[in-house]
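Read the structure below first, then the notes.
The values are calculated or read from the model by the stated rules, or taken from the named source; none is laboratory data. Not measured: the values here are computed from a predicted model. A quick note on method: Cβ atoms are made from the backbone with ideal geometry, for glycine too, and the neighbour counts reach across all protein chains shown. Calculation scope for accessible area: heavy atoms of the full protein, side chains included, ligands and nucleic acids excluded. Shrake-Rupley method; radii C 1.70, N 1.55, O 1.52, S 1.80 Å.
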Amino acid sequence: MKPFLFVTDLDHTLVGDDRAMHELNQRLEQHRQQYGTKLVYSTGRSLTSYQHLTTEKSLLPPDILICAVGTEIYHQDSKEPDSIWFQKLSVGWQRDVVVNSAARFVDLTPQPDSEQRPFKVSYFLSEQAAVEVIPDLESLLEEQGVDAQVIFSGGKDLDILPRQANKGMAMTFVRQFLEFESARTVACGDSGNDIALFCDRQERGIIVGNARPELLHWHRVNPNPNRYLALAECAGGILEGLQHFGFL
Ligand code: GLC
Ligand code: MG
C-alpha cells in the first residue's frame with residue numbers, strides 16, 4: 001500500500017451517514033498512520049461554520065482544511081489562511097463591484113454574514129429563478145469588468161468567486177504543496193461546487209450515490225474514465241470509490 005492524497009467535500013459527501021463515516025474514518029486514520037496518507041477537507045463553509053460542524057460530528061482532524069469554496073486554505077491548526085493563496089486571489093478582484101452588481105437581482109437573497117468572505121460573495125436563489133438569473137448575472141459581471149465565476153450548488157446556494165479560485169484550483173495548489181502526483185490523488189463530492197474537483201482532471205474523482213442533479217447532469221455530459229459514480233451514499237460511496245480505484 002502507498003500513501004494517497006484524500007480530498008473530500010463535507011456536507012452530504014463525507015458527512016451524512018454517521019455509521020459509514022465512522023468506518024471510513026477508521027480506515028483513513030489507519031492509512032494515514034501506516035503509510036502517510038494525507039486528509040484534506042474542501043468545504044463551502046466558512047471556518048466558523050466548519051468549527052460548528054466539528055462540535056456536532058466526529059470528524060478526523062484534517063492535514064489541510066480548504067474553506068469557502070476553495071478561497072481559503074488553512075494549514076493544520078492555523079487560524080490564518082495561507083497567505084500565498086490569499087495574495088493570488090486579490091489580483092483583479094473587486095468585491096464591491098460584485099456586491100453592487102448582485103444587488104440588482106431581486107431573486108438573490110444574501111446569505112448570513114458569517115458566509116460572506118473576502119473572496120466569496122454568497123446568496124440564496126431558487127432553482128426556477130436560477131435559469132435566468134445566472135446568465136444575466138454573469139453578463140453583468142463581465143460588463144462591469146470583474147473576472148469572477150458564478151457557482152450554483154444544492155439547487156439553492158449561489159457563490160461568486162474570483163476566476164482564480166474554486167475547489168479544483170485549491171486542490172491543485174495543495175496537491176503541489178504536499179507533493180502528491182495526480183494519480184495518487186482522489187477527490188469526492190456531491191454538488192455543484194464540487195464540479196471543479198472533477199472538471200478536466202487527472203486526479204481520480206468519486207461522486208457519491210446521493211449526488212445532486214446539477215452534478216449528475218454535468219457528469220453525464222462530461223464523461224471521464226478517472227471519475228467513479230458510486231452506488232452507495234455519502235461515506236459509503238467514498239469507501240466504494242476508494243476500493244474501486246485501489247487506494248484502500
Ligand atoms: C456552504 C456555505 C455556503 C455556500 C454553499 C455552497 O453551505 O456555507 O455559503 O453557498 O456551501 O457552496
Ligand atoms: Mg456537499
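Listed values, structure above:
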quantity: Enumeration of residues in segment 3-25 that are closer than 20 Å to residue 184 by Cα and out of contact with any Ser or Thr (no Cβ under 9 Å at 6 or more places or on another chain); calculated: 24
quantity: Residue that is nearest to ligand 1 (Cβ to nearest atom) [pool: residues in segment 139-154 that are outside any helix (DSSP H, G or I) and out of contact with any Ser or Thr (no Cβ under 8 Å at 6 or more places or on another chain)]; calculated: 151
quantity: Cβ-Cβ under 9 Å pairs, at least 6 apart or on other chains, segment 17-30 side assigned by TED's automatic domain parsing to the domain that holds residue 208, far side outside any helix (DSSP H, G or I) and open to solvent by 80 Å² or more (accessible area, probe 1.4 Å); calculated: 17/233; 18/58; 20/233; 21/58; 22/58; 25/58
quantity: Test: residue 47 is assigned by TED's automatic domain parsing to the domain that holds residue 204, surrounded by fewer than 21 Cβ atoms within 10 Å (Cβ to Cβ) and either within 16 Å of ligand 2 (Cβ to nearest atom) or within 21 Å of residue 76 (Cβ to Cβ) (or both); calculated: yes
quantity: Search result, residues across segment 71-89 that are exposed (fewer than 13 other Cβ atoms within 10 Å of the Cβ) and hydroxyl-bearing (Ser, Thr, Tyr); calculated: 78, 83
quantity: Qualifying positions in segment 136-160 - within 16 Å of ligand 2 (Cβ to nearest atom) and among the aliphatic types (A, V, I, L, M); calculated: 151, 158
quantity: Residue ID - surrounded by the fewest Cβ atoms within 10 Å (Cβ to Cβ), chosen from residues in segment 101-135 that are hydroxyl-bearing (Ser, Thr, Tyr) and within 11 Å of ligand 1 (Cβ to nearest atom); calculated: 114
